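**Q** Sharing a structure here in structure tokens format.
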Amino acid sequence: MSRDKILSNIGDIIKPLKDIDLDIDRKSFNDKVATFKQMLQVAGGRVVEVNSLDISTIKSYFLKNKNIIDTTKQFTDTQNAISGKEYDITIIEAKFGVAENGAVWIEWNDRYPRSLITLSEALAIILRQDNIYETMQEAYNNIDFEDISYGLFLSGPSKTADIEQSLVFGAHGAVELTIFLI
Amino acid sequence: MMVNHAQNAQKFLSDKKMAKWHNEALWFVRQKRDNAVKSIDEWEALRQKAKEIKSHTLRYLRYYLQEFEKNAISNGIEVYWASDANECNEIVYKLIKQEDGKKVVKSKSMLTEECGLNPYLEQRGIEVTDTDLGERIVQLANQHPSHIVLPAIHLKKEQISSIFHDKMGTQKGNSDPEYLTKEARKDLRKKFLDADVAITGVNFALAKEGAITVCTNEGNADLGASIPNLHIACMGLEKVIPSAQELGVFTRVLARSATGQAITAYTSHFKKPKPNARLCVVIVDNGRSSMLHSNIFNALSCIRCGACMNTCPVYRRSGGHSYESVVPGPIGSVLNTQKNIDKYASLPFACSLCASCDNVCPVKIDLHNRLYIQRQEAIKHPEFKTKREILKLSAKIMQNPKLFAALMNIYRRVGKYIPNWIINSKYNIWAKHREMPQPAPKSFAQIYKEMQNEQR
Ligand code: SF4
């Protein structure tokens, strides 16, 4: 069997005695919320600061007559049936954000189709200011993979620069990504 | 047949305008990387950690692979093992057949390029669509990627416009990147919605979590994998790392090194298949396990960021295709020479030993050292017989100070009378891109001796 041949080619099985020490000294950011906002803009995302959240606020940032799907179950009035394969706007709540790169962490446990994330034209992502970490290292320290089936960091909308290095947004996934920062 | 890199480079350089553009475009990417790196004070510490994690994992590779397998299976992922390219292709084909699949969407995976998966499947009647825009462009142009991160960097937008016009019917002569990208998006969206199977690569496999991580900017891996019932992910066996904790280091260095972005737009972790669907991981060896026991084992730490290509003065001026291999540039030279020295003996010489690659590599592979060491073997290739004999002869002369001085004296006396067309003729390969220097009137030893006499 190829499996055993490959494994024996690699060598004996040795169990590492201890984990790698991953600590790295670094200076903290002066203002991580400001850094987050700045990095998100660099990544092509939009930041909207709000005090509290309701569906009409979110709606007001998008064109009228757009079909909105809410995966947070916060806004019962607009819950649309997920039928077709193309969606307009999807509302998602992010677990946390990362200041150094403007990314947000999204955990999926398959209550909704995964395709919502990439097939939607626009993503409206809700993030609480208190939930921003400085770096990816801090971020991974705070993810519990136990109940996740699919999870991702999203940093701005989908993009490409494959034609002569010119940056274009909306290569395949969402063309727009708006973070509602509470 | 040995790949003749120098000859290929010459061909590339004959289009002067394109060569200049290529050089500058890649240097621009290198500068973006520098800016991104400068914003991180602890950059060097991060590189050091990244290197340590990789060395650690390679040392305990068997343990981590088995851990990954065990945990992935308990997450509902199917795990397959392939000894070589052919077995990988067979496994993938069998999986596709099980689902009665006919249409495949594939996101970027250097491994499947290495295995020649596309032609294998196409010969068996499967339609494979590369969905990364750069890869789609080269696929439509019937070419291969010339760079691992920027597959179509060897093409200008006018060329892409005419390829799209021929294959997708876009407006003739419209080469606006925004327009072309949107047209490709529309065309590929149909392919995504129609696909029966999605194939992706793997950037990292997490042993502890039994999950795989895929990084893209376009979102094509996520979009592909989210629709059909079968997702096949192909990975080289060196892609495993201990756990998600280590991703905290790699996600900080990967995109910064690759394109100067702080992170890729999508960094996705697939831990379980979609409900009622299958997620299959194919772990491929194809020479890697024996490379682990060679003196270039650390080249297996590569995270395929492409930084060594962007910075390489030879790569920038010869283009990715001149290496005639899936992975070009410094890391490609190291890997290919190890795999098949008969074919790739010219690649260790496609290097100025400037070590710029070592300095940008996020996992600190000593690329130029490896190439230097590989030269000692590569020079034995029959194609280099003349070169070898000339070098041997010059070594003999230089090791003998008297003989060397005597020959130089002759050259000093008669050198200036030899006509230029002889001395810089095409047979003197040394004088191909430069002129032979005129001999100085006196040798250094002579001047030194005279000065000593004067002082006395
Ligand atoms: S060798 Fe280093 S610099 Fe080159 S692609 Fe691999 S990780 Fe990047």
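The values are calculated or read from the model by the stated rules, or taken from the named source; none is laboratory data. Since the model is a prediction, treat every value here as computed from it, not as a measurement. Cβ placement follows ideal geometry from the backbone for every residue including glycine, while neighbour counts extend to all protein chains displayed. All accessible areas refer to the heavy atoms of the entire protein, side chains included, with ligands and DNA or RNA removed. Shrake-Rupley method; radii C 1.70, N 1.55, O 1.52, S 1.80 Å.
**Q** Go over the candidates B:387, B:343, B:380 one by one and state the one that is modelled with pLDDT of 95 or more, out of contact with any Lys or Arg (no Cβ under 6 Å at 6 or more places or on another chain) and more than 10 Å from the ligand (Cβ to nearest atom).
**A** Details: B:387 fails: modelled with pLDDT of 95 or more; B:380 fails: modelled with pLDDT of 95 or more.
Only one candidate qualifies: B:343.
**Q** So the check is Cβ under 6 Å with 6+ separation or different chains; which pairs have a first residue in region B:306-329 that's in the same structural domain as residue B:353 (by TED's automatic domain parsing) and among the hydroxyl-bearing types (Ser, Thr, Tyr) and a second one that's open to solvent by 20 Å² or more (accessible area, probe 1.4 Å) and within 14 Å of the ligand (Cβ to nearest atom)?
**A** Going by the 6 Å Cβ cut-off, the qualifying pairs are B:311/B:30; B:311/B:356; B:325/B:336.
**Q** If the requirement is being open to solvent by 30 Å² or more (accessible area, probe 1.4 Å), charged (D, E, K, R) and over 21 Å from residue A:163 (Cα atoms), which of these qualifies: B:196, B:176?
**A** Values: B:176 fails: over 21 Å from residue A:163 (Cα atoms).
Result: B:196 is the single residue among B:196, B:176 that is open to solvent by 30 Å² or more (accessible area, probe 1.4 Å), charged (D, E, K, R) and over 21 Å from residue A:163 (Cα atoms).
**Q** Considering only region B:140-222, give the strands (runs of 3 or more DSSP E) lying wholly within it that have at least 2 residues that are in contact with a strand residue (DSSP E or B) (Cβ under 7 Å, 6 or more places away or on another chain), at the interface with chain A (Cβ under 10 Å from one of its Cβ atoms) and not acidic (Asp, Glu). Talk me through it step by step, then tell me what you get.
**A** Values: elements: B:197-200, B:204-206, B:211-216.
Passing ranges, in order: B:211-216.
**Q** Identify, please: which residue in region B:284-323 is under 21 Å from residue B:109 (Cβ atoms) and touching a His at 6+ places or on another chain (Cβ under 8 Å) and is, among those, nearest to the ligand (Cβ to nearest atom)?
**A** In this case the residue turns out to be B:306.
**Q** Tell me, which helices (runs of 4 or more DSSP H) wholly within region A:1-85 include 1 or more residues that are modelled with pLDDT under 90 and within 13 Å of another protein chain (Cβ to nearest Cβ)?
**A** Per the criteria, no element qualifies.
**Q** For residue B:374, which of the numbered conditions (1) in contact (Cβ under 8 Å) with a residue 40 or more places away in the chain; (2) more than 16 Å from the ligand (Cβ to nearest atom) fails to hold?
**A** With respect to (1) in contact (Cβ under 8 Å) with a residue 40 or more places away in the chain; (2) more than 16 Å from the ligand (Cβ to nearest atom), residue B:374 is out only on (2).
**Q** Would you mind stating whether residue B:363 is open to solvent by less than 10 Å² (accessible area, probe 1.4 Å), within 14 Å of chain A (Cβ to nearest Cβ) and within 14 Å of the ligand (Cβ to nearest atom)? Talk me through it step by step, then tell me what you get.
**A** Values: open to solvent by less than 10 Å² (accessible area, probe 1.4 Å): yes; within 14 Å of chain A (Cβ to nearest Cβ): yes; within 14 Å of the ligand (Cβ to nearest atom): yes.
Yes; evaluated as a whole, the condition is true for this residue.
**Q** Just to confirm my filter: which helices (runs of 4 or more DSSP H) fall fully inside region B:4-101 and include at least 1 residues that are of a type in the set (Phe, Trp, Tyr), closer than 22 Å to residue A:22 by Cα and in contact with a Gly (Cβ under 8 Å, 6 or more places away or on another chain)? Steps first, please.
**A** Numbers: elements: B:5-13, B:16-38, B:43-59, B:61-74, B:85-98.
Where helices (runs of 4 or more DSSP H) fall fully within region B:4-101 and carry at least 1 residues being of a type in the set (Phe, Trp, Tyr), closer than 22 Å to residue A:22 by Cα and in contact with a Gly (Cβ under 8 Å, 6 or more places away or on another chain), they are B:61-74.
**Q** If you don't mind, there's one more thing I want to ask. Out of the residues in region A:150-182 that are open to solvent by 10 Å² or more (accessible area, probe 1.4 Å) and of a type in the set (A, V, I, L, M), which is nearest to the chain's Cα centre (by Cα)?
**A** Applying the filter and picking the extreme gives A:175.
**Q** Further question on the same structure: For region B:163-178, check the following and say yes or no: at least one residue is under 23 Å from residue B:112 (Cα atoms) and either in contact (Cβ under 8 Å) with a residue 12 or more places away in the chain or away from the ligand (no atom under 16 Å from the Cβ) (or both).
**A** No, there is no match, as no residue in region B:163-178 is under 23 Å from residue B:112 (Cα atoms) and either in contact (Cβ under 8 Å) with a residue 12 or more places away in the chain or away from the ligand (no atom under 16 Å from the Cβ) (or both).
**Q** Then there's this: Report every pair of residues separated by at least 6 positions or lying on different chains whose Cβ atoms are under 8 Å apart, first residue within region B:431-443 and farther than 11 Å from residue B:408 by Cβ, second open to solvent by 90 Å² or more (accessible area, probe 1.4 Å) and part of a loop (DSSP other than H, G, I, E, B).
**A** If the second residue must be open to solvent by 90 Å² or more (accessible area, probe 1.4 Å) and part of a loop (DSSP other than H, G, I, E, B), the pairs left are B:432/B:426.
**Q** Of the conditions (1) within 12 Å of the ligand (Cβ to nearest atom); (2) closer than 24 Å to residue B:50 by Cα, residue B:354 fails just one. Which one is it?
**A** (1)
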